[in-house]
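Each remark here refers to the structure printed beneath this line.
The values are calculated or read from the model by the stated rules, or taken from the named source; none is laboratory data. It should be emphasised that the depicted structure is a prediction, and the values quoted were computed from it without experimental measurement. Heads up, the Cβs are rebuilt from the backbone with ideal geometry, glycines too, and the neighbour counts pull from every protein chain shown. Note: accessible area is taken over every heavy atom of the protein model, side chains too, but ligands, DNA and RNA are not part of it. Shrake-Rupley method; radii C 1.70, N 1.55, O 1.52, S 1.80 Å.
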Amino acid sequence: MTNLKHSGIVIGGVLIVAATGVLMAFDPQTDPFASERRRMVETQIVARGVEASDVLQAMQDVPRHFFVPEPLRDRAYLDGPQPIGSSQTISQPYIVALMTSLLELDGNEKVLEIGTGSGYQAAILSRLAKDVYTIEIRQELAKNARKTLADLGYRNIHFRVGDGYEGWPEAAPFDAIIVTAAPPETPQALVDQLKVGGRLVIPVGRGIQDLEVHTKTEDGLERRKVIPVRFVPMVSDPED
Ligand code: SAH
């Protein structure tokens, strides 16, 4: 017997839920964290000068608490980074909003992210660009992020486990690139895979880094320093 039921298919009495739609129990109407998220946007992001309304809306809509480990959900909206396992962190909400706004997306772009981590930044990008390509060097984190994003129904995100220093040549060129781990210098492969006119937002340096915006021009790169930041290092070996 085969019949359709709640977008799942019953085969031999077993309900197989199709991987379409939102499978994780997330209903924005009854979300217990909605008001905390509103407070986060007002007090941490708007108050510090991020104005882009589409970025603010994405930060309001994406349920950040699903991107931190379950025991830390109550801490998801605090004004700082949180651990996500493998000695890595999900970035502070303000930094996610700031970096996203610096990309100046209009919805039509192909964006590359280096450092999938929890998948939270990818979720924000997925709301603001056409396609998101995200690379994570640590297999376990990549696996968890892929599941979280699939469960929440994000469909325009492409995943790769690998070394972001190499970029994603088969999918290049990109309209915008965001790097969420800090290399000592800007990786040349990423510059090569950026379109002319495109922006690269990246923390550069060792220890305390400079958050920089690079804009690719016909003649080279224009570089602008934004603020000092502290990201985990971009590594070439997942055991580091
Ligand atoms: N954007 C993430 C936060 C990333 S933390 C989020 O929203 O949660 C930085 C991530 O970069 C870590 O998960 C780390 O494993 C990853 N990383 C470090 N070096 C990398 C490399 N060379 N290539 C790809 N990912 C890397």
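Of all residues in segment 86-101, those satisfying the criterion of being under 13 Å from Leu141 (Cβ atoms) and not in a strand (DSSP E or B) are Ser86, Ser87.
Of everything in segment 70-123 that is over 12 Å from the mean Cα position of the chain (by Cα) and acidic (Asp, Glu), the residue that is least open to solvent (accessible area, probe 1.4 Å) is Glu109. Given the criteria in contact with a His (Cβ under 8 Å, 6 or more places away or on another chain), under 22 Å from Val235 (Cα atoms) and either hydrophobic (A, V, I, L, M, F, W, C) or open to solvent by 10 Å² or more (accessible area, probe 1.4 Å) (or both), does Leu141 qualify? Taking the combined requirement at face value, the residue does not satisfy it.
If you go through segment 90-101 and keep only what is in contact with a helix residue (DSSP H, G or I) (Cβ under 6 Å, 6 or more places away or on another chain) and more than 9 Å from the ligand (Cβ to nearest atom), you end up with Pro93, Tyr94, Ala97, Thr100, Ser101. Within segment 109-129, residues that are in contact (Cβ under 8 Å) with a residue 12 or more places away in the chain and at positive phi have Cβ atoms under 7 Å from residues that are more than 7 Å from the ligand (Cβ to nearest atom) and assigned to a helix (DSSP H, G or I) in these pairs: Gly117/Ala145; Gly119/Ala145; Gly119/Thr148; Gly119/Leu149, counting only partners at least 6 apart in sequence or on another chain. Ser87 fulfils the conditions (1) over 25 Å from Leu200 (Cα atoms); (2) among the polar types (S, T, N, Q); (3) more than 9 Å from the ligand (Cβ to nearest atom) except for a single criterion, (3). Evaluated against (1) part of a helix (DSSP H, G or I); (2) touching a helix residue (DSSP H, G or I) at 6+ places or on another chain (Cβ under 8 Å); (3) more than 14 Å from the ligand (Cβ to nearest atom), Ala189 falls short on exactly one condition, (3).
Taking segment 140-173 as the range and being away from the ligand (no atom under 14 Å from the Cβ) and small (Gly, Ala, Ser) as the test, the residues that pass are Ala150, Gly153, Ala171, Ala172.
Of all residues in segment 102-117, at least one satisfies being assigned to a helix (DSSP H, G or I) and either at pLDDT 95 or above or away from the ligand (no atom under 12 Å from the Cβ) (or both). Looking across segment 118-155 at every residue that is assigned to a helix (DSSP H, G or I) and in contact with a Leu (Cβ under 7 Å, 6 or more places away or on another chain), the one that is farthest from Phe67 (Cα to Cα) is identified as Leu128.
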